[in-house]
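Participant: Below are the structure tokens for one structure; questions will follow.
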Amino acid sequence: MHAPHFIGIGGAGMSGLAKILAVRGARVSGSDAKESETVLALRELGARVAVGHAAENVPAGVSSVVVSSAIRADNPELAAARERGIPVVHRSDALAALMGGRRALAVAGTHGKTTTTSMLAVSLAELGLEPSYAIGGDLDAPGSNAHHGAGEIFVAEADESDRSFHKYAPEVAIILNVELDHHANYASMDEIHESFETFVGRIVPGGTLVVSADQEGARELTGRVRGLGGLRVVTYGAAEDADVRVLAVRPHGMTSEVTVLIDGAELTFTVSVPGRHYAHNAVAALAAGVALGVPAAELAKALGAYTGVRRRLQLKGEAGGVQVIDSYAHHPTEMVADLEAIREATEGRVLVVFQPHLFSRTQQLAEEMGQALALADASVVLDIYPAREDPVPGVTSELIIDAARRAGADVRAEHIFAAAPGVLAGLARPGDLLLTMGAGDVTNLGPEIVACLAGVAPSA
């Protein structure tokens, strides 16, 4: 990894690894489809980044070419690496190498990984433990998704979507939930459970699994893995049999006060993001930190320093008495969690512009997505953001709209992306809270909506 070349270096997972390697002194190069703040931040660290993909982007003297599962087999840089005999390394193998020699803490689950990993990174840093971390989203600025710290702890988001989390061997692992998702790679819940079992089996002997006591899939997984030799299992949640039990979550606007029972003592602390879902993420982080030997009371206080991560209920602006908040939610469970959190934080109407993410996910979960949108007062649904996928015949956002209407939602379609800001601004009135929701480029609409609400013509 002394001279790695990253294909798609601007991606959330890839850019973090590139940053850590650059800080460690590696000669980093890479390419991405377009310029971005993340690309600029990497260049400031000395990385050589080309825009666009071409065989000549792979410099002489490259020690490896790093790819993610999103890189297609016909990518010209990947083809050039194979022709030149350059080792091709998957992103997960690169991350596993970076974690070597550290006390690794890996966060897995169908959703909530980025938030929980971020909570741990921020709180451990607040305590002066100088952790290294690799997160699937920026904390507060481009390039803040990763850090090379001088301490012995390495906190990493562990991606189950392509089974790449099987590469890690953590001392402590968190599993937040186990649900059917990533339909291009998993055909059934049995396959999902088998994959998570393999991940649990990678925890080092004497290590700890922190797992939800509330979520059905997680409870089933716990039953499957409890009793594995040398594994300590710590459950958390509101369930009466939880080892770390959530006694209360009290909403206070955009924050929550959480009371837990841990090691026989009650502990109350503040979570500076709204909603029960995020409060439970914080409790998972607390249990994992304690498993690493961090005092519970100190960590609980430090968790209050976490104020959110980009795209996770992030305020994008306010105009005309309307707040515009960005939500990365794209799975129905995430959508429900964020909408319920916002409901607790506002007395006004909740409006949503939702961009479905992936044809495969829409094909499998359109009904549940539509039901989630029924929690909003009104919704606008955009066309599907394809990301790495090719279109699937008959799979469009109309499947979600039909399901939402069956659930009683006030919902409409908008097929012209650039028209959405004006449509949303026209729906809103003072006191409303408006969410841009989805994992694609719907996030770019937030500032445009704020501009429309302020009476400023949106940019072209």
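The values are calculated or read from the model by the stated rules, or taken from the named source; none is laboratory data. In this text the structure is predicted, and so the values were computed from the model without any measurement. Don't worry about glycine lacking a Cβ; one is built from the backbone with ideal geometry, like all the others, and counts go over all protein chains shown. Surface accessibility is based on the protein's heavy atoms, side chains included, excluding ligands, DNA and RNA. Shrake-Rupley method; radii C 1.70, N 1.55, O 1.52, S 1.80 Å.
Participant: With contacts defined as alpha carbon pairs under 8 Å and 6 or more residues apart, what's the relative contact order of the chain in percent? Display every interim value, and only then the final one.
Facilitator: Working: 1044 pairs, mean separation 49.7, N = 460.
Computed over the chain, the figure is 11 percent.
Participant: Sorted by mean Cβ packing within 10 Å, highest first, what order do the peptides 168-178, 314-324 take? Show your work: numbers first, answer last.
Facilitator: Details: 168-178: 24.5, 314-324: 18.5.
Packing proxy ranking, top to bottom: 168-178, 314-324.
Participant: Where in the chain are the DSSP H helices whose alpha-carbon span along the long axis reaches 15 Å or more and whose Kyte-Doolittle mean is at least 1.0? Walk me through the numbers on the way to the answer.
Facilitator: Numbers: long enough: 12-23 (17 Å, 1.51); 113-126 (20 Å, 0.39); 189-201 (18 Å, -0.22); 276-291 (23 Å, 0.54); 332-345 (20 Å, -0.07); 359-373 (19 Å, -0.53).
Qualifying helices, which must be both long enough and hydrophobic enough, are 12-23.
Participant: How big is the charge dipole of the chain about its Cα centre, in debye rounded to the nearest 20, if each Lys and Arg gets +1 on its Cβ and each Asp and Glu gets -1 on its Cβ? List each step's numbers first, then the result.
Facilitator: On the way: 36 positive and 55 negative charges, 207 e Å.
Value, rounded to 20: 1000 debye.
Participant: Right, another one. Can you tell me which of 196-204, 350-358, 249-257 comes out highest on packing, and rank the rest after it, using the mean Cβ neighbours within 10 Å? Spell out each step's value before the answer.
Facilitator: Details: 196-204: 18.4, 350-358: 24.8, 249-257: 16.3.
Highest-to-lowest ranking by the protection proxy: 350-358, 196-204, 249-257.
Participant: May I pose another question? If you split all Cα-Cα distances of segment 168-214 into 5 Å bins from zero, what percentages do you get per bin, shortest first?
Facilitator: Per 5 Å bin, starting at 0, the Cα pair percentages come out as 5, 21, 26, 22, 17, 8, 1.
Participant: Sort the following peptides by mean Cβ neighbour count (other Cβ atoms within 10 Å, averaged over residues), highest first: 52-62, 144-154.
Facilitator: The most tightly packed comes first, giving 144-154, 52-62.
Participant: I need the Kirkwood Rh of segment 403-460: take the reciprocal of the average 1/r across all distinct C-alpha pairs and report it in angstrom.
Facilitator: Values: mean 1/r = 0.0801 Å⁻¹.
After inverting the mean inverse Cα-Cα distance, the result is 12.5 Å.
Participant: Moving to a separate point now. Probe of 1.4 angstrom, ligands and nucleic acids ignored: what's the accessible area per residue over segment 1-74, in square angstrom? Can you show the working numbers first?
Facilitator: On the way: 3220 Å² over 74 residues.
That works out to 44 Å² per residue.
Participant: With both partners inside the chain, how many of the DSSP beta bridges are antiparallel, as a percent to the nearest 5? Don't skip to the end; give the middle numbers.
Facilitator: Numbers: 22 of 76 bridges.
Of all bridge pairs located within the chain, approximately 30 percent are antiparallel.
Participant: Got a sec to turn the phi values of segment 240-249 into Karplus ³J(HN,Hα) couplings, 6.51 cos²θ - 1.76 cosθ + 1.60 with θ = phi - 60°, whole Hz, x for Gly and Pro?
Facilitator: 4, 8, 5, 5, 10, 9, 7, 8, 7, 10
Participant: Would you work out what percent of the accessible area of segment 340-410, with all protein chains in place, is carbon or sulfur (probe 1.4 Å)? Display every interim value, and only then the final one.
Facilitator: Values: 1320 of 2980 Å².
Solvent-exposed carbon and sulfur of segment 340-410 make up 44 percent of the total.
Participant: Something else about it: Along its three principal axes, how long is the chain when you only count alpha carbons? Whole Å, largest extent first please.
Facilitator: 61, 54, 41
Participant: Follow-up question, since we're still on this one. With a 1.4 Å probe and every protein chain kept in, tell me what percent of the accessible surface of segment 1-130 is carbon plus sulfur. Each step should come with its number before you reach the end.
Facilitator: Details: 2610 of 5090 Å².
That share works out to 51 percent.
Participant: Now, a different point. Cα centroids of segment 143-205 and segment 212-283: how far apart, whole angstrom?
Facilitator: One Cα centre to the other: 19 Å.
Participant: With +1 on each Lys and Arg Cβ and -1 on each Asp and Glu Cβ, and nothing else charged, work out how big the dipole of segment 304-404 is about its Cα centre, in Debye to the nearest 20.
Facilitator: Details: 8 positive and 15 negative charges, 80 e Å.
Roughly 380 debye, rounded to the nearest 20.
Participant: OK, next. When Lys and Arg each count +1 and Asp and Glu each count -1, what net charge do the other residues less than 12 Å away from Thr198, Cβ to Cβ, add up to?
Facilitator: Values: positive: Arg163, Lys167, Arg202, Arg224; negative: Glu160, Glu191, Glu194, Glu197.
Computed value for this residue: 0.
Participant: May I pose another question? Check the straight Cα-Cα distances from Lys19 and name the lysines below 22 Å, setting aside those fewer than 8 residues away within the same chain.
Facilitator: Lys34, Lys113, Lys167
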